[in-house]
1. R0 = 41 Å: FRET efficiency of residue 134 with residue 157, Cβ-based, nearest 0.05?
2. Quick check: residue separation of residue 150 and residue 362 times 0.36 nm, minus the Cα distance between them. What number comes out in nm?
3. Place the peptides 68-78, 52-62 in order of packing, highest mean first, counting for every residue the other Cβ atoms within 10 Å and averaging per peptide.
4. Can you tell me the length gained on complete extension of the stretch residue 78 to residue 91, counting 0.36 nm per residue apart and subtracting the Cα distance?
5. Once you treat every alpha carbon in the range 247-386 as an equal point and sum by Debye, what is log10 I(q)/I(0) at q = 0.12, 0.18, 0.20, 0.21 Å⁻¹?
6. Between residue 327 and residue 100, what FRET efficiency comes out of the Förster formula 1/(1 + (r/R0)^6) with R0 = 45 Å and r the beta carbon distance, rounded to 0.05?
7. Percent relative contact order of the range 247-386, based on C-alpha pairs within less than 8 angstrom and at least six residues apart?
8. Quote the relative contact order of the range 84-155 in percent (integer), defining contacts as alpha-carbon pairs under 8 Å separated by 6+ residues.
């Protein structure tokens, strides 16, 4: 019996936690079954109990960690940390938990047998619809092989620099090995984006399920908005997972594909047209593609909602261009009445501004026969963009 079981066995708190999980299982149906059976390791904690103990763990996390369900339940999520776990990563995780925001972190933790593993940890706060955080959802992607591959790649590169002058034939063989390692890294990055998309899709489905159970229209609207933003992240990861070059993304194709996916927002309304005008030969790093895609989604979504009240019709145009060397612009323009969701001080404006800051960019909003939002950011060379 662990500390959680010893201290809370038979108490109202333990009974309430068990009832809560059972309610999720009953109402969640196939979505909860999907979480339990997915190969993505996942745990859920109870933020209402002291120490934020684990109250749910799926089979995949047991296989990854080597711990049984009984050994996981009631533990603090930090219990798998060890001597080599980065304190800065732990502090970043704790800050995200305190601020009830989502976080994606790379962390080193330890299995039951003491063997270390590295994982991408996705942490999300779940609330009761009234603003009170009740649970934390944590999912892991084991990237130990990826890190080992990168370490091997770095070691091999250093060795080749010393031997290249007099061992050309060995260099050729090593180059072939480097390409193989690079291809494996590309495949792993594709898998990361694919798994992230699946995890976000599950979270979006659970939000949709919980939202339908809310009676307050305002609360239902908040659930719907949150679900759409999670779906936006899932779409961006999906497009990246299918990109020809995972680390460098063709900005024109990426924006055109996003606009095609966002056509569904008009729900077949012929009054609103969504167009993409892109300049070829513009590439951005994957790290920049995600916030760029989320900003585009937020702006187009708001334009669809607010720019064309019935019976007004018009066009929303998304452009990618290079106005001059060293600079890239993403322009979202409509000829409607305006985008209420991007007014300064609004949540939509705050989200877009935060995303633009992530890519070291600037944002300009102009009202002239509609609204034009211009996001400008540096055009970094491939090596710097990928760093």
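1. Values: r = 48 Å, r/R0 = 1.18.
The pair residue 134/residue 157 has a calculated efficiency of 0.25.
2. Values: separation 212, 0.36 × 212 = 76.32 nm, distance 3.37 nm.
Length difference between fully extended and current span is 73.0 nm.
3. Numbers: 68-78: 16.6, 52-62: 20.5.
Top of the packing list down: 52-62, 68-78.
4. Numbers: separation 13, 0.36 × 13 = 4.68 nm, distance 1.12 nm.
Net length gain for the segment: 3.6 nm.
5. Those come out to -0.44, -0.98, -1.19, -1.30, one per q.
6. Numbers: r = 36 Å, r/R0 = 0.80.
Here the calculated transfer efficiency is 0.80.
7. Working: 264 pairs, mean separation 35.7, N = 140.
Relative contact order comes out at 25 percent.
8. 23
Each reported figure results from applying straightforward, stated rules to the coordinates on display, with no laboratory input. In this text, all values refer to a predicted model and were calculated from it rather than measured experimentally. Using ideal geometry, Cβ is built from the backbone for each residue, glycine included, and neighbour counts are taken over all protein chains shown.
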